[in-house]
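K.L.:
Please read through the structure below; I'll follow up with questions.
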Amino acid sequence: MPKTYAFVGNLNRNAIPGEGKGISVFQLDDHSGDLTLVSEYLAIDNPGYLAIDEKRKRLYAAVEIPAWNENMAVAFDIDPATGALSYINMQPTLGNTTCHLGFDQSGGLIFASNYTVAELGAHPGNAVAAFRVRSNGGLDPAFAAAIHEGPHAALPTNRRQHGHCAVVSPDNRYVFVCDLGLDRIMAYNLPKQGEGLTLAPEPFTQLPEGAGPRHMTFDQSGKNAYVINELNSTVSVLHYHPESAKFTISQTLPTLPDGFSDTNTCAEIALSADGRFLYGSNRGHNSIVRYAVSESGALSLLGWTPSQGICPRNFTIDPSGKFMLVANQKGGGVAIFKRDIETGVLEDTGKRVALQSPMRIVFGTFA
């Protein structure tokens with residue numbers, strides 16, 4: 001029988017509120033939603049973001065340590081029988097505070113996004129770096145990178161860069177980098193081995209000042225994308241123009257209920273597998289916001305579900321679509337919710353996984 005594993009990256013260096021344990025691996029019971037710990041990989045520092053290649057049975061982790069000028073991307077093999085991880089190799093990400101890893105559509109390239117909180121001008125200081133994946137799953141050294149701040153940036157600016165995700169277009173033509181420091185989604189031509197990152201015909205999409213675009217995802221049609229804006233607590237609907245790499249903002253909705261005035265920052269965004277519902281996380285309101293998605297891609301705000309913890313940095317819907325796992329970074333561990341596939345409604349199961357500082361959850365199913 002196929003086995004489904006949940007891989008959870010945890011802070012384990014100067015973590016708040018306590019010390020985590022690297023990467024925790026759980027087997028999911030897709031009938032009850034129960035998680036059973038089957039493996040841990042401890043020999044890694046602050047694996048804050050994970051990306052999985054199910055087809056090739058590999059996991060990739062971003063080491064996120066702000067005190068270092070340069071962080072790392074780490075490659076692992078996955079044992080499909082046990083979920084255990086085996087180290088392959090690691091490569092420097094050419095930037096600081098690596099917070100996201102994303103594949104191109106072939107799975108042959110990985111892009112690392114660097115928040116870059118190091119001192120302005122500190123080397124190497126890149127907001128994004130591109131890696132070729134080796135045949136054994138390991139990573140070659142980064143072959144392309146781009147800086148977004150200062151006079152030597154791709155587009156010179158005096159604002160501080162804060163790259164937070166790199167997403168490749170469904171047609172595999174461009175890589176889009178959400179930079180919440182610049183309030184821009186930068187657009188690059190997808191590089192080939194030996195090439196640098198060159199700006200696309202439309203080099204960026206400007207979001208409102210202070211929006212802070214953080215994470216984005218495309219819909220199944222490839223015609224629309226959704227970006228969650230960390231700083232002004234909104235979600236924007238973007239219409240994609242493939243000939244130019246341009247996005248047109250067609251709609252922006254709040255992630256918070258009317259009347260909420262406390263501090264809040266947004267984090268994750270994800271579509272259900274059927275494309276009918278969009279979810280986002282609020283850190284401060286400590287909730288998961290839910291939207292209905294129309295055939296045109298427009299959103300309708302449906303409501304909120306408490307995250308049952310503090311600071312829901314990440315959430316993930318399981319492969320069956322029946323459960324959502326929410327990683328509450330600063331208290332509450334991983335909360336397990338039952339999800340109604342027809343309505344998108346989340347119901348707290350009361351089940352928790354007591355992890356100290358969970359940051360990112362990815363699923364993998366293997367025969």
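K.L.:
Could you please tell me which pairs satisfy a Cβ distance under 7 Å, a separation of 6+ or placement on different chains, a first residue in the stretch 71-92 that is within 16 Å of Phe363 (Cβ to Cβ), and a second residue that is assigned to a strand (DSSP E or B) and of a type in the set (Phe, Trp, Tyr)?
P.N.:
What qualifies is Phe76/Tyr87; Pro80/Phe366; Gly83/Tyr5; Leu85/Tyr41; Leu85/Phe76.
K.L.:
Next question. For the stretch 336-353, does any single residue satisfy the condition of being of a type in the set (A, V, I, L, M, F, W, C), in a loop (DSSP other than H, G, I, E, B) and surrounded by fewer than 16 Cβ atoms within 10 Å (Cβ to Cβ)? Walk me through how you get there before you give the answer.
P.N.:
Going through the stretch 336-353, the residues of a type in the set (A, V, I, L, M, F, W, C) turn out to be 336-337, 341, 345-346, 353.
Cutting the leftovers down to in a loop (DSSP other than H, G, I, E, B) gives us 341, 345.
Restricting the remaining residues to those that are surrounded by fewer than 16 Cβ atoms within 10 Å (Cβ to Cβ) gives 341, 345.
Yes, the stretch 336-353 contains a residue that is of a type in the set (A, V, I, L, M, F, W, C), in a loop (DSSP other than H, G, I, E, B) and surrounded by fewer than 16 Cβ atoms within 10 Å (Cβ to Cβ).
K.L.:
Still on this structure: Could you please find all residues in the stretch 286-311 being part of a loop (DSSP other than H, G, I, E, B) and either without any contact (Cβ under 8 Å) to a residue 12 or more places away in the chain or over 21 Å from Ala354 (Cα atoms) (or both)? So that I can check it myself, show each step before the final result.
P.N.:
Narrowing the stretch 286-311 to residues part of a loop (DSSP other than H, G, I, E, B): 286, 294-298, 307-311.
Result: Ser294, Glu295, Ser296, Gly297, Ala298.
K.L.:
Where residues in the stretch 272-303 are among the aliphatic types (A, V, I, L, M) and open to solvent by less than 60 Å² (accessible area, probe 1.4 Å), which of them is nearest to Glu342 (Cα to Cα)? Before you say what the answer is, go through the steps one by one.
P.N.:
Within the stretch 272-303, the first condition is being among the aliphatic types (A, V, I, L, M), and the residues that meet it are 273, 278, 288-289, 292-293, 298-299, 301-302.
Narrowing further to those that are open to solvent by less than 60 Å² (accessible area, probe 1.4 Å): 278, 288-289, 292-293, 298-299.
Working: Leu278: 13, Ile288: 17, Val289: 17, Ala292: 11, Val293: 13, Ala298: 18, Leu299: 16 Å.
Among those residues, the one meeting the criterion is Ala292.
K.L.:
So Phe143 clears everything in (1) surrounded by 16 or more Cβ atoms within 10 Å (Cβ to Cβ); (2) over 21 Å from the mean Cα position of the chain (by Cα); (3) more than 30 Å from Ile88 (Cβ to Cβ) except one condition, right? Which one?
P.N.:
The single condition Phe143 does not satisfy is (3).
K.L.:
Considering only residues that are open to solvent by less than 20 Å² (accessible area, probe 1.4 Å) and more than 19 Å from Ile317 (Cβ to Cβ), which ones fall in the stretch 25-38? Break it down stepwise before answering.
P.N.:
Step one: list which residues in the stretch 25-38 are open to solvent by less than 20 Å² (accessible area, probe 1.4 Å), which gives 25-26, 28, 33.
Residues satisfying the conditions do not exist here.
K.L.:
Considering the stretch 114-130 alone, what residues qualify as being within 14 Å of Ala146 (Cβ to Cβ) and open to solvent by 10 Å² or more (accessible area, probe 1.4 Å)? Spell out how you get there, then give the answer.
P.N.:
Narrowing the stretch 114-130 to residues within 14 Å of Ala146 (Cβ to Cβ): 114, 116, 124-130.
Answer for the stretch 114-130, where residues must be within 14 Å of Ala146 (Cβ to Cβ) and open to solvent by 10 Å² or more (accessible area, probe 1.4 Å): Pro124, Asn126.
K.L.:
Quick one: how many residues across the stretch 146-168 are over 16 Å from Asp183 (Cβ atoms), at pLDDT 95 or above and open to solvent by less than 30 Å² (accessible area, probe 1.4 Å)?
P.N.:
Total satisfying the criteria: 4.
The values are calculated or read from the model by the stated rules, or taken from the named source; none is laboratory data. These numbers come from a predicted model, not from an experiment. For neighbour counting, all protein chains shown are included, and Cβ atoms are generated from backbone atoms with ideal geometry for every residue, glycine included. For the accessible areas, the whole protein counts, side chains as well, though only heavy atoms, and no ligand, DNA or RNA atoms are used. Shrake-Rupley method; radii C 1.70, N 1.55, O 1.52, S 1.80 Å.
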